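The values are calculated or read from the model by the stated rules, or taken from the named source; none is laboratory data. This structure is a prediction, so every number in the text was calculated from the model and none was measured. No Cβ is skipped: glycine too gets one built from the backbone with ideal geometry, and neighbour counts run over all protein chains shown.
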Amino acid sequence: MNERLRVAVVDDEPLARDLIREFLSHHPHVEIVAECANGFDAVREIESVKPDLVFLDIQMPKLTGFEVLELLNGPVPVIFVTAYEEFAIRAFEVHAVDYLLKPVSQERLDEALKHAAERLRRGHAPDHRALVRDSQSKQGWLERVLIREGTNVHVLPVASIDYAEAQDDYVCLHAAGTTHLKAMRLNELADRLDPGKFVRIHRSFVLNLDRLARIELYAKDSRIVILKSGDRLPVSRAGYDRLKLLL
Amino acid sequence: MHPILDHRPRLWAYVAVWTVAGILMSALMRSSGEFTSLQSLFYAVPMTLMLGVAGLSAWYLCRVFPLGATHFLRIAFVFGLTATLTTVVWMLAGELWIAALGQLSPALEFAERSVSQWRIWFAIGAILYLLTAAVHYLLAAMETAREREKNEFELKVLAQASELKALRAQINPHFLFNSLNSVSALIGRNPKAARGMVNQLADFFRKSLQYGAEEHITLEQEMELLTHYLEIEHVRFGDRLHVRTEVSDEARLARVPSLLLQPLIENAIKHGVGQRVEGGTVEVTGKPLGPVLELRVRNDRDPVAASGRGTGMGLDNVRRRLNALYGSDANLRVMAEERSFEVVLTLPFRKEIEA
C-alpha cells in the first residue's frame, strides 16, 4: 500500500488544484510531480515526468482531457475529475474509468486513489482508446486536428488543410505550404471530416474542396485535380464520381 | 398554394358543383323552348365548366386585394371589371363552341344557330363568376385564420420552452458544482473568502429565481445578477478573468427580458476566456440609441479553441426569445473574429413604468 506514487494534477482552476493537493497531502506516499493548468502543458509534462497517475480535468483551455489522452504516447492511468458532463460520466461507467465528481470530497478521493493503486500493483495497463473514440464521435465533424511534434502540440483547424495524403499508418496533412504527420489512417480521418467540404478523390488523397482550382483530363479516362496552390493530385474514377456530385 | 387546385378533395367538389350547375343551366336553356334537350346539354354543361375553370383565377385577385386591407369600392370595381370581361370572353367562346359543334356533328343541328337570350346568359355568367370569387375569399379567410392560430400556438410553445430553458440555463449544473468545488477549496485555506463566495452564490440563485419568474426586469436588475455571477467566476478563474462593464445610467432604466444577457455572459466565459491559457476580458456595454437599446457582450477568444460547439444553443435561445417578444423590432448580430467574439442585441428602448 505504501509504495511511492508519483501523481500529476491537471486542472485550469487553481482552487481546484489546491483542493486535490490538500486531499493528497493526507497520503504521505503520494508525491505530486507535476501541476498543469492547460492541455498543452499536460501533454508535455506527462510525457516528460511519466507520473504513475494523473488527475485530469475535462474542460480546459487548448485541449480537453480526452484530447490529452488522445495525444499521449503510452497508456497512462487516469482519474478524471469533472463537475457535470453527462456524456463523460456515462462514458466513464461504460469503459470502467475512474472518475471524481466536483465538488471533490476527501473520502471519494481516498477511494479512487486506493482503487487506482490496486490496479497499478496488478499491472493493469488502462486502454483509453475506446473512451477517446467515444468522445470523438460525440463531437460531430472534426473541426481541428491535434498533432504532436516531439513534445510540442499543434492544433490545426481543418479549414486550413489543403489536402491529406496517406502514408502507411500515417496521414500527411498539407496546410499552407507546410506538412504535418499524424499517426492515423486516412480512412479514419476521412470518416470524421465533413463530407460537404472534403472529398476522397483517390485511395491515398482527401481534398479540401475549397482549394480546388480545376480538373483536367490527363490521359484517356484519367484525371488530375489542380489546386489553387498549383499542386496536382491524381483522381481515381470513383473519386471523380464523388467529386462530380459535389460540384 | 391554390386552395382548390392544390387540394384534391376540394377540386372534386368544385367540379361536381359546376357540373350540377351546368345541368341546371341546360334545363333552363331547354325550358325556353328554343333548343332541344341534347342541344342544351351539349352547350350548357361545357360552357358552365369553362366558367368554373375561369373562376379559379379569382384566387389570385383575392390574394392581391385582401378583403380587410382593400377599400370596398376598389374590390367592387376590380371584380365588376373582371366579371364583365370574363363573361364577355366566355360568351364569345360559347359562340365559337356552337359553331364548332355545328361543323363537327351535324346531327345536333347547331349550324347557323346562336344563343338569343344573351342578356340572361351574361347575367348568369357574371353572377356565377362573382359567387366563385366570394368562395375564394371565404377560403382565403379560412386559411388565414388557421395560419394565425398555428402561429400563435407555435409562439406560445416557443415562449414556454425558452422560459424553461432560460431557467435551466442559469442554474447551470456545471457552474454550480464547480463553484461548490471552489468553496470547498477555500474553506481550508481562506475561510473568509469561502464565506464570501457562499454569500455570492446565495444572492445569485435567489435573484435568478426571483427575476426568472418575471418576463421583464430592468437592465439595472439584470446587471446586478451578472455582477454576482461574474464575482463567482472571478473566484474560480482568478486573474485569468477580466471584466469591463459600461452601461449608462439611462440604459439601466430600460425594461429588458429577464436573464437575457446571462447565457451570453456564460458563453463568453465558457467558450471564450475559459479557453485561453492567459485568460482575457469580457465586456458588457449598454446604451440607448434613440428609440433602441443596444446591448453588447464581447469576449476574447482562442482562434483554435477546443470547441466552438455549444455556443449556438445559448445564442439561438436568446434570438428566439427576442423574436417571440419583439418580432422584427429586435435584432441579434454576431461578430465573430479570430480573437474576439461579440454579440450585439438591439431591442426597443422602453423605460420601466414606475409603479
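Among the residues of region A:20-70, write down those that are charged (D, E, K, R), surrounded by fewer than 22 Cβ atoms within 10 Å (Cβ to Cβ) and touching a Ser or Thr at 6+ places or on another chain (Cβ under 8 Å).
Hits for region A:20-70 are A:Arg44, A:Glu47.
With of a type outside the set (Phe, Trp, Tyr), under 15 Å from the mean Cα position of the chain (by Cα) and more than 19 Å from A:Asp194 (Cβ to Cβ) as the only criterion, which of A:Ala130, A:Ala125 stands out?
When all the criteria are applied, what remains is A:Ala130.
Please specify each residue of region A:210-225 satisfying the condition of being surrounded by fewer than 15 Cβ atoms within 10 Å (Cβ to Cβ) and of a type outside the set (Ser, Thr, Tyr).
A:Asp210, A:Ala213, A:Arg214, A:Glu216, A:Leu217, A:Ala219, A:Lys220, A:Asp221
Is it true that A:Asp127 is in contact (Cβ under 8 Å) with a residue 24 or more places away in the chain, assigned to a loop (DSSP other than H, G, I, E, B), farther than 30 Å from A:Lys228 by Cα and more than 14 Å from chain B (Cβ to nearest Cβ)?
Judged against the criteria, A:Asp127 is a match.
Here's the yes/no breakdown for (1) in contact with a Ser or Thr (Cβ under 6 Å, 6 or more places away or on another chain); (2) surrounded by fewer than 14 Cβ atoms within 10 Å (Cβ to Cβ); (3) within 30 Å of B:His7 (Cα to Cα); (4) in contact (Cβ under 8 Å) with a residue 24 or more places away in the chain:
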position	(1), (2), (3), (4)
B:Lys150	no, yes, yes, no
B:Ser179	no, no, no, yes
B:Ala185	no, no, no, no
B:Phe204	no, no, no, yes
B:Tyr211	yes, no, no, yes
B:His216	no, no, no, yes
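Going by the structure shown, is B:Leu96 over 44 Å from the mean Cα position of the chain (by Cα) and in contact (Cβ under 8 Å) with a residue 40 or more places away in the chain?
No, not satisfied.
Checking the structure you have, find out if any residue of region B:292-299 is touching a strand residue (DSSP E or B) at 6+ places or on another chain (Cβ under 8 Å), within 14 Å of chain A (Cβ to nearest Cβ) and not aliphatic (A, V, I, L, M).
Yes, some residue in region B:292-299 is touching a strand residue (DSSP E or B) at 6+ places or on another chain (Cβ under 8 Å), within 14 Å of chain A (Cβ to nearest Cβ) and not aliphatic (A, V, I, L, M).
Please give the strands (runs of 3 or more DSSP E) falling wholly within region A:1-118 in which 1 or more residues are more than 14 Å from every other protein chain (Cβ to nearest Cβ) and acidic (Asp, Glu).
Once the strands (runs of 3 or more DSSP E) in region A:1-118 are filtered for at least 1 residues that are more than 14 Å from every other protein chain (Cβ to nearest Cβ) and acidic (Asp, Glu), what remains is A:30-36, A:98-101.
Given the criteria within 23 Å of A:Leu120 (Cβ to Cβ) and touching a residue at least 60 places away in the same chain (Cβ under 8 Å), does A:Glu22 qualify?
Spelling it out, it is not the case that A:Glu22 is within 23 Å of A:Leu120 (Cβ to Cβ) and touching a residue at least 60 places away in the same chain (Cβ under 8 Å).
With respect to B:Ala169, is the statement that it is closer than 25 Å to B:Thr227 by Cβ, part of a helix (DSSP H, G or I), of a type outside the set (Asp, Glu) and at pLDDT below 90 true?
Against the criterion (closer than 25 Å to B:Thr227 by Cβ, part of a helix (DSSP H, G or I), of a type outside the set (Asp, Glu) and at pLDDT below 90), B:Ala169 qualifies.
Mind counting the residues in region B:184-231 that are of a type in the set (Val, Ile, Thr) and within 14 Å of chain A (Cβ to nearest Cβ)?
Result for region B:184-231: 2.
Pairs under 7 Å by beta carbon, first residue farther than 15 Å from A:Gln139 by Cβ and more than 13 Å from chain A (Cβ to nearest Cβ) in region B:303-322, partner at pLDDT 85 or above and surrounded by fewer than 16 Cβ atoms within 10 Å (Cβ to Cβ), six or more apart or different chains?
Sorted first by the residue in region B:303-322, then by its partner, the pairs are B:Leu315/B:Val334.
What tally of residues in region B:258-289 results from selecting those that are touching a Lys or Arg at 6+ places or on another chain (Cβ under 6 Å) and under 24 Å from B:Leu325 (Cβ atoms)?
Number of matching residues: 1.
So, in region A:84-98, how many residues would count as being surrounded by 14 or more Cβ atoms within 10 Å (Cβ to Cβ) and either acidic (Asp, Glu) or at pLDDT 90 or above (or both)?
Of the residues in region A:84-98, 2 are surrounded by 14 or more Cβ atoms within 10 Å (Cβ to Cβ) and either acidic (Asp, Glu) or at pLDDT 90 or above (or both).
Out of the residues in region B:252-273 that are farther than 19 Å from B:Lys207 by Cβ and of a type in the set (A, V, I, L, M, F, W, C), state the one that is nearest to the chain's Cα centre (by Cα).
Checked region B:252-273; the qualifying residue nearest to the chain's Cα centre (by Cα) is B:Ala268.
Each row is one residue, and each column tells you yes or no for (1) without any contact (Cβ under 8 Å) to a residue 12 or more places away in the chain; (2) within 44 Å of the chain's Cα centre (by Cα).
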position: B:Gly68; (1), (2): yes, yes
position: B:His71; (1), (2): yes, yes
position: B:Ser105; (1), (2): yes, no
position: B:Glu109; (1), (2): no, no
position: B:Arg119; (1), (2): yes, no
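For region A:227-247, give me the residue count where each residue is aliphatic (A, V, I, L, M) and farther than 14 Å from A:His202 by Cα.
4
Among the residues of region B:218-269, how many are among the charged types (D, E, K, R) and free of Cβ contacts under 8 Å to residues at least 12 places away in the same chain?
Total meeting the criteria: 1.
Do we find that B:Lys192 is basic (Lys, Arg), more than 27 Å from B:Arg276 (Cα to Cα) and either in contact with a Gly (Cβ under 9 Å, 6 or more places away or on another chain) or crowded, with 19+ Cβ neighbours inside 10 Å (or both) in this structure?
Against the criterion (basic (Lys, Arg), more than 27 Å from B:Arg276 (Cα to Cα) and either in contact with a Gly (Cβ under 9 Å, 6 or more places away or on another chain) or crowded, with 19+ Cβ neighbours inside 10 Å (or both)), B:Lys192 does not qualify.
Scanning for something away from chain A (no Cβ under 14 Å) and at pLDDT 95 or above, does region B:267-282 turn up at least one residue?
yes
Select from region A:147-179 the residues that are in contact with a helix residue (DSSP H, G or I) (Cβ under 6 Å, 6 or more places away or on another chain), over 23 Å from A:Asp231 (Cα atoms) and within 14 Å of chain B (Cβ to nearest Cβ) and list them in ascending order.
A:Val153
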